[in-house]
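The values are calculated or read from the model by the stated rules, or taken from the named source; none is laboratory data. Owing to the predicted nature of the structure, the values given are computational and were not obtained by experimental measurement. Reconstructed Cβ throughout: ideal geometry from the backbone, glycine too, with neighbour counts over all protein chains shown.
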Amino acid sequence: MKKVFLAIGVISASFLQAQNIDKIINAKEVERIEKTLSADDMQGRKTFSAGIEKAANFIANEFKQIGLQTWNKSGTFLQEFSMVKPKFISVSCSFDNIQVDTKDVIVVTSKADLSITEASGFERATINAGANIFSEASKLIQSGKNYLVLVDTSFAKNFGRLTGFKRQLFKSENSIVFVLATKQPKQFSINATHEISEQKLSNVIGVIPGKSKKKEYVIFSGHYDHLGIGKAVNNDSIYNGANDDAAGTTAMMMLAKYFEAERDNERTLIFVAFTAEEIGGFGAQYCSRQFNADDVKAMFNIEMIGTESKWGKNSAYITGYEKTDMGKILQENLKGTAFTFYPDPYTDQNLFYRSDNATLARLGVPAHTISTSKMDSEPNYHKVSDEIGTLDMENMSMIIKAIALSSKGIISGKDTPSRVDVSGLK
């Protein structure tokens, strides 16, 4: 008799959970949020535009209505940070009293005037022949330290491309000087002048604190920026970005609403709408640096889920599926449902390291992107035709429900995905 009552109790609980999720995550509510984010008055949500500020305020207000807490009790859902754009004016460099050709010196800095010598405390580094010059340069720039970097002369043809790192920088007290040379100097003098312009950006971030595992984090994310206004096509110049990535942002917001209503998370849940994905993933980079990577147990980054996948309805794929066991955990939690998570079928496009999950994935976090976009044949990708009328709200709501249900074991602390092996990364 006890077994009968237990079975009835489990069935009743499952039925109530299904009722609750359908009440919160449904096509009507998905369409409300999606329609707002992809509306013409958002002006395509281009980074640094009035349109993206309007979108940020809408998302922040939704977080407030849901009842989320602010990150680190900051009192605001807007996670503000600054980017600087340095315009080169002049540079001079001497090694052991010998002038270095200015074309062989690149200074990456957010300071208008930089003057350093061997007494300035800059650490020394080298990029040797055969290394990946751009990967090594990126690591040094992200190190948060001051460096004088000697770049082997075998990179002479590609050296000038390091100026690409100056196009957009986080505001920082640290500077990196790259010099094309073969021998470290005993003495040096470098003077650089730039015209610095500073611009503000904002991620939108909300929190549901965990119960027993408050210091363990699970992140749900999507990027809310897009391309803005461009050249008109058939009298339409607004790149609405309904699928890219108002769809992923909508999903993240719906999950926040659902999990706040459930309140059964042992781990702390972070919900974040990233800015500046389209111009380099700067929002995700900044936000990710606010966490100790070891504390982040999983990341669900959601990107372009508004259209059917190559397998049709009730399906999506997970980038980097083979790199952790997270996909298998999600699928196991969906056993008995009609939904399937597949491995990424577009591995030749390296999607795992091309979206906002990449920063944490490179640090070993099981951080994956969930998508349905047919990357070999998506007709509206980065076009003015990426509008809400091209999306399937019912299928979107099913995907969001699948993410909610499949993540239950992870947010409860029962399941912990394996980490990404970063030993081979360059």
*Which of the residues spanning the range 67-110 are in a loop (DSSP other than H, G, I, E, B) and over 30 Å from A181 (Cα atoms)?*
G67, L68, S74, G75, T76, F77
_Scope the range 248-281; condition in contact with a strand residue (DSSP E or B) (Cβ under 6 Å, 6 or more places away or on another chain) and modelled with pLDDT under 95; matching residues_ = none
*Name the single residue, out of those in the range 233-289 being closer than 14 Å to I205 by Cβ and aromatic (F, W, Y), that is nearest to the chain's Cα centre (by Cα).*
F274
*Out of the residues in the range 314-337 that are under 11 Å from L405 (Cα atoms) and touching a strand residue (DSSP E or B) at 6+ places or on another chain (Cβ under 6 Å), which is surrounded by the fewest Cβ atoms within 10 Å (Cβ to Cβ)?*
Q331
*Would you check if V177 is within 30 Å of V105 (Cβ to Cβ), modelled with pLDDT of 95 or more, β-branched (V, I, T) and surrounded by 21 or more Cβ atoms within 10 Å (Cβ to Cβ)?*
yes
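Mind listing just one residue for me: the one in the range 179-222 that is of a type in the set (G, A, S) and part of a strand (DSSP E or B) and, of those, farthest from A261 (Cα to Cα)? Show your work before the answer.
Within the range 179-222, the first condition is being of a type in the set (G, A, S), and the residues that meet it are 181, 189, 192, 197, 202, 206, 210, 212, 221-222.
From what's left, part of a strand (DSSP E or B): 189, 192, 197, 202, 206, 221-222.
On the way: S189: 61, A192: 55, S197: 43, S202: 26, G206: 14, S221: 18, G222: 21 Å.
My answer is S189.
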*All positions within the range 357-393 that are over 30 Å from D41 (Cβ atoms) and of a type in the set (A, V, I, L, M, F, W, C)*: A358, L360, A361, L363, V365, A367
*Any idea how many residues of the range 155-174 are over 18 Å from T126 (Cβ atoms), under 23 Å from the mean Cα position of the chain (by Cα) and part of a helix (DSSP H, G or I)?*
2
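Could you please let me know if A125 is of a type outside the set (S, T, Y), outside the structural domain of T47 (by TED's automatic domain parsing) and free of Cβ contacts under 8 Å to residues at least 60 places away in the same chain?
On the way: of a type outside the set (S, T, Y): yes; outside the structural domain of T47 (by TED's automatic domain parsing): yes; free of Cβ contacts under 8 Å to residues at least 60 places away in the same chain: yes.
Answer is yes for this residue.
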*asked:* Anything in the range 256-275 that is within 20 Å of S373 (Cα to Cα) and among the aliphatic types (A, V, I, L, M)? List them, or say none.
replied: A273
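Please verify whether the range 31-54 includes one or more residues that are more than 23 Å from A242 (Cα to Cα) and in a strand (DSSP E or B).
So the first thing to find is which residues in the range 31-54 are more than 23 Å from A242 (Cα to Cα), and the list is none.
The answer is no; no qualifying residue exists.
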*Taking the stated definitions as given, is N57 under 21 Å from the mean Cα position of the chain (by Cα), in a helix (DSSP H, G or I) and at pLDDT below 95?*
no
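Which fully enclosed helices (runs of 4 or more DSSP H) of the range 321-426 have 1 or more residues being closer than 30 Å to A137 by Cβ, touching a Gly at 6+ places or on another chain (Cβ under 7 Å) and in the same structural domain as Q142 (by TED's automatic domain parsing)?
On the way: elements: 326-333, 358-361, 393-406, 408-412.
Answer list for the range 321-426: none.
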*Out of G230, G248, which single residue is more than 19 Å from A56 (Cα to Cα) and assigned by TED's automatic domain parsing to the domain that holds F63?*
G230
